Amino acid sequence: MSTTYLPLPEEKPKYVQRMFARISARYDLMNRLMTGGLDRRWRRLVVELCELPPGGTLLDVATGTGDIAYEALRAHPHARAVGVDLTWEMMAVGRRKDPRGTLPFIQGDALALPFADNSFDAACSGFMMRNVADIAQAFAEQRRVVRPGGRVVCLEISQPPPSLWRPVFHFYFFHVVPLIGGVVGRARDAYTYLPHSTLPFPDADTLADIMRQVGLKDVYYRRLLFGSVAIHVGRVAD
Ligand SMILES: C[S@@+](CC[C@H](N)C(=O)[O-])C[C@H]1O[C@@H](n2cnc3c(N)ncnc32)[C@H](O)[C@@H]1O
């Protein structure tokens, strides 16, 4: 497991961008297959936990193909959502999902968001934090662009607590996912990077501490799929 290449922090943006550009065409299909469709339920929950007010605005950071932002527009037809991501190719797939263009896609870096302070009612990210070079900076940027009282919500893979499930999950994640990624996603290396990128990633409590350190309040998290996935929520101070 330890021989898999993981980029250094300074290499991450280019590495991650190239990788997601390569897998963009099959990204959604792979998500559905790897999670048995559960990813849709998790994205719905993210939107719920954003607690958007009527007609509110949501920033979906590292939107990829836009699935969280589109879910927000489905759940709140009067809301406005914006997707920002490093990788054009992912957003191009997302843009084709709605020819009416209800979701603006903007190229930008989660570590230096191209938006003014207090621009949104909530910000969220799905499966991004493992991929950024500076997790605290990513949360600090989301806190900055969300208005006081708004929510910052993070969906990410997590280390399941010790249980009978953990070895089953590890086997699936480290051995089966790269196989599916090779056959269906045609990118075994990208789907080998995926499980390995979780190894240096902070556990759920540590991630919650990072959110508190950047000034987010009332931080809590919900574990999903026996703790293999977690959704963290924080509030921007009034
Ligand atoms: C696993 S995909 C998640 C996409 C989407 N949020 C979802 O839930 O399916 C990770 C995305 O993060 C983006 N990403 C990684 N680092 C980023 C950064 N520093 N700034 C913006 N986007 C970034 C990648 O381009 C990729 O589209």
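Are there any strands (runs of 3 or more DSSP E) wholly within region 112-227 with 2 or more residues that are of a type in the set (Lys, Arg) and farther than 23 Å from Thr57 by Cα, and if so which?
Ranges flagged: 217-224.
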> If Arg147 passes every condition in (1) surrounded by fewer than 17 Cβ atoms within 10 Å (Cβ to Cβ); (2) in contact with a strand residue (DSSP E or B) (Cβ under 9 Å, 6 or more places away or on another chain); (3) under 19 Å from Pro13 (Cα atoms) but one, which one does it miss?
Replying inline: (3)
> Quick check: anything in region 185-192 in contact (Cβ under 8 Å) with a residue 24 or more places away in the chain, more than 11 Å from the ligand (Cβ to nearest atom) and among the aliphatic types (A, V, I, L, M)?
Replying inline: yes
> In region 104-130, what count of residues is obtained for those that are out of contact with any Ser or Thr (no Cβ under 6 Å at 6 or more places or on another chain) and among the charged types (D, E, K, R)?
Replying inline: 2
> Just checking, how many residues over region 48-69 are in contact (Cβ under 8 Å) with a residue 60 or more places away in the chain, crowded, with 24+ Cβ neighbours inside 10 Å and on the phi > 0 side of the Ramachandran plot?
Replying inline: 2
>> Just to be sure before I move on: is Arg222 of a type outside the set (Ser, Thr, Tyr), surrounded by fewer than 16 Cβ atoms within 10 Å (Cβ to Cβ) and modelled with pLDDT of 95 or more in the structure I sent?
In response: yes
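When you go through Thr87, Thr102 one by one, which is the residue that is of a type in the set (S, T, N, Q) and within 13 Å of the ligand (Cβ to nearest atom)? It would help to see each step written out before you state the result.
On the way: Thr102 fails: within 13 Å of the ligand (Cβ to nearest atom).
None of the other options fit; the residue is Thr87.
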>> Please verify whether Ala72 is in contact (Cβ under 8 Å) with a residue 60 or more places away in the chain and of a type in the set (Gly, Ala, Ser), treating the condition exactly as stated.
In response: no
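From the residues in region 59-84 that are in a helix (DSSP H, G or I) and among the hydrophobic types (A, V, I, L, M, F, W, C), which one is nearest to the ligand (Cβ to nearest atom)?
Initially, region 59-84 is screened for residues in a helix (DSSP H, G or I), giving 67-75.
Cutting the leftovers down to among the hydrophobic types (A, V, I, L, M, F, W, C) gives us 68-69, 72-73, 75.
Numbers: Ile68: 5, Ala69: 9, Ala72: 12, Leu73: 15, Ala75: 15 Å.
Out of the qualifying residues, it is Ile68.
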>> Being over 24 Å from Pro77 (Cα atoms), free of Cβ contacts under 8 Å to residues at least 40 places away in the same chain and surrounded by 15 or more Cβ atoms within 10 Å (Cβ to Cβ) is the filter here; which residues of region 90-134 pass it?
In response: Gly108, Leu111
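For region 7-43, what are the residues that are basic (Lys, Arg), surrounded by 16 or more Cβ atoms within 10 Å (Cβ to Cβ) and touching a helix residue (DSSP H, G or I) at 6+ places or on another chain (Cβ under 8 Å)?
Just the residues of region 7-43 that are basic (Lys, Arg), to begin with: 12, 14, 18, 22, 26, 32, 40-41, 43.
Going one step further and asking which of them are surrounded by 16 or more Cβ atoms within 10 Å (Cβ to Cβ), we end up with 12, 22, 26, 43.
If the condition is that a residue be basic (Lys, Arg), surrounded by 16 or more Cβ atoms within 10 Å (Cβ to Cβ) and touching a helix residue (DSSP H, G or I) at 6+ places or on another chain (Cβ under 8 Å), then Lys12, Arg22, Arg43 are the ones that fit.
The values are calculated or read from the model by the stated rules, or taken from the named source; none is laboratory data. Everything numeric here is computed off the predicted structure, so don't read it as measured data. Neighbour counts run over all protein chains shown; Cβ positions are idealised from the backbone, glycine included.
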